[in-house]
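See below for the structure under consideration.
All of the numbers you see were taken from the coordinates with simple rules; none came from a lab. Fair warning: this is a prediction, and the values are worked out from it, not measured in the lab. Neighbour counts run over all protein chains shown; Cβ positions are idealised from the backbone, glycine included.
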2 protein chains.
Amino acid sequence: MLSIGELAAFVGVSTRTVRFYHSRGLLPEPPRDEAGYRRYTAEDVVRLSRIVALASAGVPLVRVGELLEAGEAEFAAGVAEVDASLQAEMKRLRALRSTLADLDSPDRLALPEILGRAIEKMRGAGAPTAYVDLYRDAWILAHALYPAEIRAYLAEFDLWSDPVYLDMQVRMLQLADVDAHDPRVDALAEDTVDWMEANRDAGSLKGYGELFSDERANRILTAQWIMTSAWDRLSELVMNGAQERGLVPTTPEG
Amino acid sequence: MLSIGELAAFVGVSTRTVRFYHSRGLLPEPPRDEAGYRRYTAEDVVRLSRIVALASAGVPLVRVGELLEAGEAEFAAGVAEVDASLQAEMKRLRALRSTLADLDSPDRLALPEILGRAIEKMRGAGAPTAYVDLYRDAWILAHALYPAEIRAYLAEFDLWSDPVYLDMQVRMLQLADVDAHDPRVDALAEDTVDWMEANRDAGSLKGYGELFSDERANRILTAQWIMTSAWDRLSELVMNGAQERGLVPTTPEG
DNA sequence: TCTTGCCTTGACGTAGCGTCAACGTCCTTG
DNA sequence: CAAGGACGTTGACGCTACGTCAAGGCAAGA
């Protein structure tokens, strides 16, 4: 006959834990000896080791109780479910490790040089300060959330060294708070599509599309705090134009 | 400027979580707009995404705060530590998966057939009931905690089919509560060592040693609830005799 | 105007134990 | 045989990292 301390030591938990499991009805209260001490059998060891295995796999104790009371088939199904969640957790941890690897670079708030220079040029070219700041914030955000991807992209495609692209970006910033149907919006949209067509083989457009392909990235781009009605219409016009000229794969879902 | 909901959505947490981090001083309270709403910048996104990354790696929030306030070197060291703990956790989960795989066999409380038959034979041979029960419990325990290993061992080495071994086990059970210095203890010890020497090449001894080589297994064998003073002395005599005849590797640590 | 949705603070609830507190019991050692 | 230390008992409060109302203010579309 085992004491509570021996039982706990066998399965590697504390006595407090065993008593807690009693209070939750997971482990039945064993008979007491004359002194009022709990006395356990091998059967309790089996039950407790099951509980501990499931609990240490992260199964909520309520669910552990259900599984222990359930039939053989349901128990096996439950264990399979737990196993799947363990695999998912391991996947999450793997992903987390690569996130952490990017975390210790202290320059996440510093803009990559290329972008910093480009932004200074835009400021110098008369783009409105407030919107240049928003533009800068958006890139900082993107760089903060996807440092490796952004750096790789910028290293490969230096769009801002192209004076035509730079000029279009300045015009875009200047049109931030004009009326959405201002003719300058239409003009810029046409110029942009022209530029895209001229650069269709440069690879940078494709790279840009790949860069921002997942859901979180989409939230950055469509964030309302950086969107004005003129920009909304501008991006719509550009998307339509690009699709018409076959510069962008038509997405069937819309 | 981001609202708290937008900020939270960017990094994938709830607004409650963001406010909680404010209350813990992990994320500074941002300025408010005229309505009293919190307004965030890209800088806050960076800081929050760091916090979330560390927290979801299981780092306690107090420690997260320390790391964020620490210098670059200490931060890097801390992140390395976290990474190590993630690897350890993945190792734990892998081990847990194999434990779970053994969990759904409903016969963990059932003794393997070989043992069941052996125990019946011992009972028939006049071994005291109470101690046969203890013996049985110990094997149930071992089987409960190490089902795969025990089954593999029993499948390979059927010691109880050897009538000499069976007889020795019965004698052992009969000597449970005699005086530790009863001459029958010495006699049994000598017979046991003789038997071990005769079977030194059978492999079963080595297998037995490997089976119970880790710490938890040791706790089963040395559990006080199954040890009497006579058995204590018996096992001491056997160990000494086996070492003298070179049947067991001498452990340098004692 | 009314509804809907996001924002505010504050308070209480939750899981899975850890950690006293205040006390009885068992075993060993002087 | 007394004393100490290791173990057992119940009960209550503490802890982390939030979730979840409650009770209200502000903004914007039908």
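So if R0 is 35 Å, what FRET efficiency would B:Ala84 and A:Ala80 give, r being the distance between their Cβ atoms, rounded to the nearest 0.05? Approximately 0.70, to the nearest 0.05. Distance from the axis that maps chain B onto chain A is least for the Cβ of the chain B residue given, with the whole Å value, as B:Met90, 3.
Calculate, in nm to one decimal, what A:Arg39 and A:Glu72 gain on full extension: separation in residues at 0.36 nm each, minus their alpha carbon distance. Numbers along the way, then the final one.
Details: separation 33, 0.36 × 33 = 11.88 nm, distance 2.78 nm.
Full extension from A:Arg39 to A:Glu72 adds 9.1 nm.
Explain nothing, just the number: dipole magnitude of region A:62-197 about its Cα centre with +1 on each Lys and Arg Cβ and -1 on each Asp and Glu Cβ, in debye rounded to the nearest 20. Don't skip to the end; give the middle numbers.
Working: 13 positive and 27 negative charges, 117 e Å.
That gives region A:62-197 a dipole magnitude of about 560 debye.
Note that region A:24-37 has calculated 3J(HN,Hα) couplings of 8, x, 6, 10, x, 5, x, x, 9, 8, 4, 7, x, 7 Hz, one per residue in order, obtained from phi through the Karplus relation 6.51 cos²θ - 1.76 cosθ + 1.60 (θ = phi - 60°); glycine and proline are x.
Efficiency by 1/(1 + (r/R0)^6): what FRET value for A:Asp179 and B:Ala9, r their Cβ-Cβ distance, R0 = 35 Å, to the nearest 0.05? Before the final figure, lay out the partial values.
Details: r = 30 Å, r/R0 = 0.85.
E between A:Asp179 and B:Ala9, to the nearest 0.05, is 0.75.
Scaling against 2.2 N^0.38 Å puts the C-alpha radius of gyration of region A:4-103 at 1.35.
Each peptide in B:21-29, B:136-144 gets a packing score, the mean of other Cβ atoms within 10 Å over its residues, and the list from highest to lowest is B:136-144, B:21-29.
With each label modelled as a point 7 angstrom along the Cα→C-beta vector, the A:Leu166-A:Ser56 pair spans 6.2 nm.
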